[in-house]
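Read through the structure below, which is laid out as structure tokens, and then see the notes.
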Amino acid sequence: MLFGVPRLNRILVSICVVVAVSVSIISCGSNNSSSTSLTISGKPSGLKFRVFISNPLFQSGTGLGGVATTPVLNIVDATKDVLDLTSAVVLAGESTQPGLMALAPNLKYTAVFSPSGNAVAIIDNSTERIAVPTGSTAGLPPMTLPGFTESMFVSNFSTAAYAAVPTAPVTGQAPGAVVALNLQNGSIAASIPVPGARFIVPSPDGNHILVLSDNSDTVTVITTALIGTATDPRSYITGFDRPVWGIFTGNTTAYIMDCGPQCGGTAAGVSVLEVGASTATSTTPVSAATYGFLASSTLYVAGTPPPNPPGTNTCAGTPTAATSCGRLTAIDTGSMTVTGSVIIADGYHDRMQMSQNGQLYIGSHSCTNINVPGGEVRGCLSIFNTNTPSVVIPPSNGDVTGLQQIRSRNIVYAVQNGSLDIYDTLTNKLQVTSGNTQNNNGQVEIVGQLYDVKLVD
């Protein structure tokens, strides 16, 4: 614990100087005693292949424990895995606690959610600043949601964004709504009541939004063209078991993750949804399902089955001190049959990325952490080799809050326990780059408590 923040990353700030129009910190790397100056200017990075990393606790001046913090999106050169030492997306005033990010399909904007104030800031990826709409000279103001969100997306043409807010007040109804944001003027365009709306998934063409709600066995479908008209944009499809996530395969068909017992339901499975139907068309039973990844005709589904009966060791047969484990199931989407299942780390799985060489990185939160001195260390990250197949659980504790495969490279970025870890997918171990002084045993050393990571080019 440093300054009351778990695992505040390991550049130790010794002297901090604030200068007009720039923010400077003096920091010393953990592997050397010499000090280097990190200056954030007002200029774009100029990098052509960038990763944004949300960081609400970037150290920039005097204050907290002698060090003040500035909310930023740090910028990493994704060709060299090096932190830009002169540029960052500074969010003070727009998003005081940047966390979850959502990248527009056309890469124009990045939406950044701050749980402090429930504000959404829109970043223009080309300028690395708050977005300025066409025909305007002022940046988009932060848009305040009526509550916390953990699921949002930007529309195909970056004209709108949507967020699921399960606690949004609704007059005369149970709380919960999908909030539509107008990215042309920075306003709340609409709030569509959906009780307990927790997760949202857009169709590839943007015409429909699947809404997955807390403690519900129904999927709400929103037709985006009807938002703001006299016609109710909502329709309902039943026949699920605590649905929590979906993956479209085409514009009108989706695979729905039925969480089942892990979420207080009856049976986990993967159901097929057809937009316009009244009920699920089929269900394939699996041991657990909260998240998935579609690779060609194989659907990978992760979840953590509750012990049955209670007290059962769900890791039996694997060499671990943990007694609770998750499951990764492979489904052939042609026949909707299970083709295999392996044991992975437990927790609530909600992140997946596939490397270019077939390594599936699976992240969860609220998992079992093992830290035996001189022995087993494990946390919430699992890696499944789809070629072998085999599983690696890296020796690192903590929740996984961000995963990003780096295109055209055998590299995956993982934000785990507030730090950025860089994995070589040829070995599924932390990358060690000779001559890169920023790379400390596979970690790019960034001051703060990191949360999410997005490749924006």
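How would you order 196-203, 366-373 from highest to lowest mean count of nearby Cβ atoms within 10 Å?
Values: 196-203: 21.8, 366-373: 14.8.
Listed from highest to lowest mean packing, they are 196-203, 366-373.
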Just the number, please: carbon plus sulfur as a percent of the accessible area of the chain, 1.4 Å probe, no ligands or DNA/RNA counted. 55 percent
Would the chain count as rounded, prolate or oblate if I go by the C-alpha gyration tensor, calling it rounded below 1.5 in a/c and otherwise prolate when a/b exceeds b/c, oblate otherwise? oblate
Under the Karplus relation with 6.51, -1.76 and 1.60 and θ = phi - 60°, whole-Hz ³J(HN,Hα) for the stretch 253-263, x at Gly and Pro, equal 10, 9, 9, 10, 7, 8, 5, x, x, 4, 10
Amide H of R351 versus every other amide H placed in the peptide plane: which residues, excluding those fewer than 5 positions away on the same chain, fall under 5 Å? G363
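If packing is taken as the average count of other Cβ atoms within 10 Å, what order do 107-119, 170-182 fall into, highest mean first?
Details: 107-119: 20.7, 170-182: 17.7.
Ranking, from highest mean packing down: 107-119, 170-182.
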Describe numerically, in nm with one decimal, the distance between label points set 7 Å from Cα along Cα→Cβ at L226 and at V432. 5.9 nm
Once phi is turned into ³J(HN,Hα) by the Karplus curve 6.51 cos²θ - 1.76 cosθ + 1.60 with θ = phi - 60°, what whole-Hz value does each residue of the stretch 242-248 show in order, with x for glycine and proline? 6, x, 10, 7, x, 9, 6
Hey, can you grab everything whose amide H is under 5 Å from the amide H of Q356? Only 5+ residues off in sequence or another chain; H modelled, so Pro and N-termini drop out. I411
For C325, residues with placed amide H under 5 Å, excluding near neighbours: T314, C315
Within the chain, how many Lys pairs that are eight or more residues apart, or on different chains, come under 19 Å at the alpha-carbon? 7
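Divide the volume of the convex hull of the Cα atoms of the stretch 113-250 by its number of residues and quote the answer in cubic angstrom per residue.
Values: hull volume 17.4 nm³, N = 138.
About 126 Å³ per residue, rounded to a whole number.
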The chain, accessible area per residue, ligands and nucleic acids excluded (1.4 Å, Å²): 40 Å²
Which longest run of the chain has no exposed loop site in it, a site being GluC sites (Glu not before Pro) in a DSSP loop with at most 15 other beta carbons within 10 Å, and the site itself not part of the run? 151-375
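The values are calculated or read from the model by the stated rules, or taken from the named source; none is laboratory data. Note that this is a predicted model, so its numbers are computed, not measured. Note: ideal-geometry Cβ built from the backbone for every residue, glycine included; neighbour counts use all protein chains shown. For accessibility, only protein heavy atoms count, side chains too; no ligands or nucleic acids. Shrake-Rupley method; radii C 1.70, N 1.55, O 1.52, S 1.80 Å.
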